[in-house]
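Heads up: the structure comes next, in structure tokens.
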Amino acid sequence: MRLATLSASLFIHSLCFGQTTLYKQNNKIMEYQFAVADSSAIRQMTESEKIKFELKYVEKSYTRTINSNYESTVEVKIDSNDFKKEWMTLAKKYRYTQSGIDMIGSDNTVSKSVPYSAEELAFIAEEKSGIEANGFHPGIIAFPTFDAATINLLSAENIMVSNLPSGEIKVQQGGSTTIYNSFKKTIVTDYTDGDGIKCKETLAYDPYGTDKGFLLKLKKLERFVTTQAGKCITETRLTYYTNYDILDNGNLVNKAMEKKDVVNLYPNPNDGVFTVAASLKDDSNVASVKIINAITGNQITVNNNNQNTFLVNMPNLTAGNYVLQIVTSNQRVINTNFIKN
């Protein structure tokens, strides 16, 4: 995986100087890539295959700072061990600015700047709004208990949940199977990638403080491929996340851990008959419900029978885009979009 691609998905942020620091994180990533094969398979490899499956190692470290206007600065540094790739020769440090990515050479000067695309700029704006509304957490993950209501909700979306004798939870969707182990704090997913190769991804987490979620400590990706001679190879990439150092003066972690208002509407799109399940913070209730036509603004009142989970049965709705608007007992307004076929 190219660092530019990895970084674009993880670390695209805008730059701001001279502001109060609300959150700062330092981390180090040590990444190994190798393959396992028996000796006969290795002997039958082509030279290009041998090079591809040699042990490789790269170390990346990054710092991230979130300022008082919820904009961020991010720097990524690279240290490699005979891991020579063309893209790595461009820079030893990457800085994410307000307009794009600066590649900084060994002399600490900018050797190349890559501007953000319109989509990346939109992502930056969206993430800034998300941090402002929801706080920030570097590796939050939940190990769900999957109560009956949740299982029914997922079942309506063709996601099957089962409790294993070991205490683990198995979730199946299409050709993908995920095992949640709340004791070991691991999530293991088996799937087939776009090239038709069977893969397994293992994520391992460590608790971060009390009720602060979990920090990612290990990511293991295995691809079960074959050589030209037909021998099986386990191509493995191990990524260790070490040396987390987090300073949060803005309570962004606490804010990220607060219970949020969540409204699930399924199926969506639908034929006017659908279920609404509202999980509300502060143990509030659904006080009133309306369906609003997104074009005309016409409103229809829905009787939820004082329930947070209820059925809407309106097959005569005109096809189009609608907003389901919930007002909670604490007078919060929650809007959820849906499509009537």
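The values are calculated or read from the model by the stated rules, or taken from the named source; none is laboratory data. The structure presented is a predicted model; accordingly, all values stated were derived computationally and were not measured. Positions of Cβ are generated from backbone atoms using ideal geometry, with glycine treated the same way; all protein chains shown enter the neighbour counts.
With the requirement that a residue be more than 26 Å from residue 232 (Cα to Cα) and either among the acidic types (Asp, Glu) or outside any strand (DSSP E or B) (or both), what does the range 175-200 give you?
Correct list: 182, 183, 184, 185.
Only one of (1) surrounded by 16 or more Cβ atoms within 10 Å (Cβ to Cβ); (2) within 19 Å of residue 153 (Cα to Cα); (3) among the β-branched types (Val, Ile, Thr) is not met by residue 291, so which one is it?
Here residue 291 clears every test but (2).
I need the strands (runs of 3 or more DSSP E) fully contained in the range 219-299, keeping only those with at least 3 residues that are more than 15 Å from residue 337 (Cα to Cα).
232-248, 286-293
Please find, within the range 147-166, the residue that is nearest to residue 236 (Cα to Cα) out of those that are part of a loop (DSSP other than H, G, I, E, B) and modelled with pLDDT under 90.
So the residue we want is 159.
Just to verify a result, which residue in the range 208-218, among those that are touching a Pro at 6+ places or on another chain (Cβ under 9 Å) and either in a strand (DSSP E or B) or acidic (Asp, Glu) (or both), is farthest from residue 259 (Cα to Cα)?
Residue satisfying both the conditions and the ranking: 216.
What are the residue pairs meeting all of these: first residue in the range 153-175, first residue on the phi > 0 side of the Ramachandran plot, second residue of a type in the set (Phe, Trp, Tyr), Cβ atoms under 9 Å, and 6 or more apart or on different chains?
167/183; 174/191
Determine if the range 95-112 includes at least one residue that is free of Cβ contacts under 8 Å to residues at least 60 places away in the same chain, exposed (fewer than 13 other Cβ atoms within 10 Å of the Cβ) and among the β-branched types (Val, Ile, Thr).
yes
Looking only at strands (runs of 3 or more DSSP E) that fall completely inside the range 87-135, which ones have 2 or more residues that are of a type in the set (S, T, N, Q)?
Correct list: 110-115.
Only one of these conditions is not met by residue 144: (1) under 15 Å from residue 264 (Cβ atoms); (2) assigned to a strand (DSSP E or B); (3) not polar (S, T, N, Q). Which number is it?
Result: residue 144 passes all but (2).
Inspect all residues belonging to the range 242-263 and state whether any of them is on the phi > 0 side of the Ramachandran plot and either of a type in the set (Phe, Trp, Tyr) or crowded, with 16+ Cβ neighbours inside 10 Å (or both).
No, that holds for no residue.
Out of all the residues in the range 176-201, which are surrounded by 13 or more Cβ atoms within 10 Å (Cβ to Cβ) and among the charged types (D, E, K, R)?
Passing the criteria: 185, 190, 198, 200, 201.
Within the range 43-68, how many residues turn out to be assigned to a loop (DSSP other than H, G, I, E, B) and either modelled with pLDDT under 90 or among the β-branched types (Val, Ile, Thr) (or both)?
Counting residues in the range 43-68 that are assigned to a loop (DSSP other than H, G, I, E, B) and either modelled with pLDDT under 90 or among the β-branched types (Val, Ile, Thr) (or both) gives 6.
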